[in-house]
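The values are calculated or read from the model by the stated rules, or taken from the named source; none is laboratory data. Just so it is clear, the structure is predicted and the values come from calculations on it, not from any experiment. No Cβ is skipped: glycine too gets one built from the backbone with ideal geometry, and neighbour counts run over all protein chains shown. These accessible areas exclude ligands, DNA and RNA; they are computed on the full protein's heavy atoms, side chains included. Shrake-Rupley method; radii C 1.70, N 1.55, O 1.52, S 1.80 Å.
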Amino acid sequence: MKPDSPDSSKLNSPLFGFLVSTAIFALANMPFKYWQFLPTYADFRISAFYPVTAGLFFGPWGALGCAVGNLIADLFGTLNFESPIGMLANFLFAWLPYRLWHTILPLDHHKAQFISSTKTLVKYLFIASFATASSMGFLSASCELLGFFDFVAFYRPVFLCNLYFALFMGTTFFLLAARFSPVSFYLPQNLYASEYRHKYYLVDYVLCAAIIGSIILRCALGDRENSLVYPVFFADLVITASVLILAALPLRRGSSQGIDGISNGEPLKLQYSDSLQTRIVTAFFIVISANTLYLIFILLNKLAALYDGAQYAATVVPAALRMAGILGLVSIFVLVIVLSWIEKKISSPIVKLAELSNKFVESGLRAEIPNYSALSGEIAALARSYQKMSADIISYVSAIEAHAKREEREKAALETAARIQLGALPKPLDDENFSLASFIRPARTVGGDFYYYVKLDSDRLLICIADVSSKGIPAAIFASEACMLVKVNRELPLEKAIAKINDELWEVNDEDMFVTMFAGVIDRKKRRLEFVNAGHNPPLIRKENSIAWLHSEPDLALGIFPNMAYHLNSVDIDGTFQILLYTDGATEAENIEGAFFGDERLKSLCESLNHIPDGSAKIAAILNSIESFAKGSEQSDDIALLMADIRQ
């Protein structure tokens, strides 16, 4: 059944089930009260389509509704002394299917279910047929015991009429109601809270056999006037007593916890199975019901002119029902065979594949793959494709997991390397003579940009910034080598230090990388900046209140050729002095239109920040401006900034 909707609680109440069953059964009976094929007590029973559905949907409340609905309908034409017995018989007509469905012929370890397979369909048809036979047998036997009418004359046509509509229209109605109705099935909760013990229900099978055997015996004995009194009385008594005892037996037997037990206090609910098999059953029964009903009316119309009213009712109607019933039973037999074949060859493999797919996903793509070698045709091809797909997915997932583990290890290693690389940068410097502010952010986890500064003595400060031509791990390794060489050669004259660094980088440069570098020494005492520019971007300097580029003839980048000469440049420092070193990741930052931040924008920005004396604040402002410009674009290159001030 479909999950409960927010407004379905009232639809699932006992009162609703009782009122609906009363109304449907009464309204289905009333129009046919005057169409009787046995005068005064046997009307055309189209209403027989409903009791089995009422019992399975609403349980005792649906059965009680059928009883009351039958009594209400009798008020419109056939109310007599037999009406109370008819009321009880129709109660049994709905109650017995509910009672027997949950106790006999258990399927799937007595799991709560309705029509979803060939086995459940056969069980439904058997129980519907038995409920029709036993309830009409009870009515016929009881009335014969009380002397109202003869069993055989009444039972045969009434049973035939009720069975026809219960099996064909009733099954169709039940399947459609289960599919489209928002009402939940009424389930005996206590029964499913106990473990099912087959031996407890042997008496049910014995009573069912006694009822059917007694009905057959009574029909074989013939009319009461032409039969022995005691066998007739005995058969009627067995039928009546067996039906009542079967109906009165408790549903719950035993007290052990059930395998489908309700251990958490939540009521057991039955979900409608909208499976391929259920749809096929529904479609077949709609066709069978429509065809047999059409056949009945064709026969009735054809034979209407051959008989008068009484003879027509007593002869033609039962004959039409019998012929249509035979055709319908043959159709059902063929349907069961076809459904069994479809279920074996198509439905079950597809359901199995669907279940396996869910299990395959739920188990983390590690479920066992079954063997479908016994299948043939398109389903076998589908199964083989599924097997190959599953094996490929498992292999692919294994490869992905292994790759993910490797990436995780590599990521951890890169993060460690990044921490080491950042930790190797010089610590902040801010004393009475110099103040430095810096920032670095690689485009990847590690990068090829670095800066370095160190006080050579109390009045001299070495500053350096560099950019390796590559990115990522190779650039980071090459940058670490270059930074180490700067530290080792920092005491040499600047131009000789840079030349030595170039030679040593060339010796280890198997990957043809290069390093652009700007290195300078700020001499506070001499008021001079000496520097070497090895192919790097020119710095911006602030002298008094003006911003200018520190242009010079750049030398070749480091690591390309050996034995290169590098030239020392110098500039005098007058008054306030500040220098900004940067890598091209700052000026070549791109926005979403592909435009660069550019040198002129950087210079204009520095001019607008002249009123800010603090170097850290200026670095933060420059970084914010670059990020705002490039918002929405991925960082394509490492960014490094270094700003040095001489304190007055």
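Which value, in Å², gives the accessible area per residue of region 509-648 when a 1.4 Å probe is used on the protein heavy atoms?
47
Using the beta-carbon distance between LEU146 and ASP223 and R0 = 22 Å, what value does 1/(1 + (r/R0)^6) give for FRET efficiency, to the nearest 0.05?
The value I calculate is 0.85.
To the nearest 0.05, what FRET efficiency results for LEU425 and LEU456 with a Förster distance of 22 Å applied to their C-beta separation?
0.75
Return an integer: the convex hull volume of the alpha-carbon atoms of region 526-644, in Å³ per residue.
116
Once you put a point 7 Å from the Cα of GLU544 and another 7 Å from the Cα of LYS111, both along the Cβ direction, what distance in nm separates them?
Placing both labels 7 Å beyond Cα along the Cβ direction yields 9.3 nm.
When the accessible area of region 137-222 is split by element with a 1.4 Å probe, what percent falls to carbon and sulfur?
Carbon plus sulfur share of accessible area: 70 percent.
Rounded to the nearest 10 Å², what accessible area does CYS208 show when all protein chains are kept and the probe is 1.4 Å?
My reading of the accessible area for CYS208 is about 10 Å².
Of the heavy-atom accessible surface of region 546-586 (probe 1.4 angstrom), what whole percent is carbon and sulfur?
55
Could you tell me which of the pairs LYS111/LYS359; LYS471/LYS543; LYS526/LYS603; LYS123/LYS359; LYS359/LYS405 are separated by over 32 angstrom between their Cα atoms in the structure shown?
Long pairs (Cα-Cα over 32 Å): LYS471/LYS543.
Mind jotting down the distance between the C-alpha centroids of region 600-648 and region 191-222, whole Å?
Centre-to-centre (Cα) distance: 94 Å.
Report the gain in length on full extension from THR576 to ILE216: 0.36 nm times residue separation, minus Cα-Cα distance, nm rounded to one decimal.
117.4 nm
Restricting attention to region 497-583, which GluC sites (Glu not before Pro) occupy a DSSP loop and are surrounded by at most 13 other Cβ atoms within 10 Å?
Answer by residue number: GLU511, GLU544.
Quote the accessible area belonging to VAL488 in square angstrom, nearest 10, computed with a 1.4 Å probe and with ligands, DNA and RNA left uncounted.
In the full protein context, VAL488 sits at about 100 Å².
With every protein chain left in place and a probe of 1.4 Å, what is the accessible surface of MET513, to the nearest 10 Å²?
Per-residue accessible area (MET513): approximately 20 Å².
Quick one: which residues, 5 or more positions from PHE514 or on another chain, have an amide H under 5 Å from its amide H? H modelled 1.01 Å from N in the peptide plane, none for Pro or chain starts.
Amide H neighbours of PHE514: SER469, SER470.
Explain nothing, just the number: relative contact order of region 502-648, from Cα pairs under 8 Å at least 6 residues apart, as a whole percent.
This gives 25 percent for region 502-648.
On a full-extension model of 0.36 nm per residue, what is the gain between ALA177 and MET484, subtracting their alpha-carbon distance, rounded to one decimal in nm?
102.2 nm
Which value, in Å², gives the accessible area per residue of region 138-178 when a 1.4 Å probe is used on the protein heavy atoms?
For region 138-178, the solvent-accessible area averages 24 Å² per residue.
Determine ³J(HN,Hα), in whole Hz, for all residues of region 46-57 in sequence, where each value follows from phi through the Karplus function 6.51 cos²θ - 1.76 cosθ + 1.60 and θ = phi - 60°; x replaces Gly and Pro.
Coupling constants for region 46-57: 4, 4, 5, 5, 9, x, 4, 5, 4, x, 6, 7 Hz.
What is the distance, in nm, between label points placed 7 Å from the Cα along the Cα-to-Cβ direction at ALA391 and at ALA23?
For the pair ALA391/ALA23, the computed spacing is 6.0 nm.
Go ahead and run the numbers for FRET between ARG253 and SER398, Cβ-Cβ distance against an R0 of 60 Å, rounding to 0.05.
Efficiency computed from Cβ-Cβ geometry: 0.70.
Run the quick spin-label model on ASN610 and ILE245: label points 7 Å from Cα toward the beta carbon, then report their separation in nm to one decimal.
It is 11.6 nm.
For region 88-144 and region 446-476, compute the distance between their C-alpha centroids and round to whole Å.
Measuring centre to centre over Cα atoms gives 90 Å.
Show me the ranking of peptides 431-441, 409-419, 109-119, 622-632 by mean Cβ neighbours inside 10 Å, starting with the highest.
Result, highest mean first: 109-119, 431-441, 622-632, 409-419.
Through the Karplus equation 6.51 cos²θ - 1.76 cosθ + 1.60, θ set to phi - 60°, convert the phi angles of region 174-190 into ³J(HN,Hα) values in whole Hz; use x for Gly and Pro.
After applying 6.51 cos²θ - 1.76 cosθ + 1.60, I find 4, 5, 5, 5, 5, 6, 10, 6, x, 7, 7, 5, 7, 10, x, 4, 4 Hz.
Stretch HIS551-SER348 to full length: gain in nm at 0.36 nm per residue minus the Cα-Cα span?
Net length gain for the segment: 64.8 nm.
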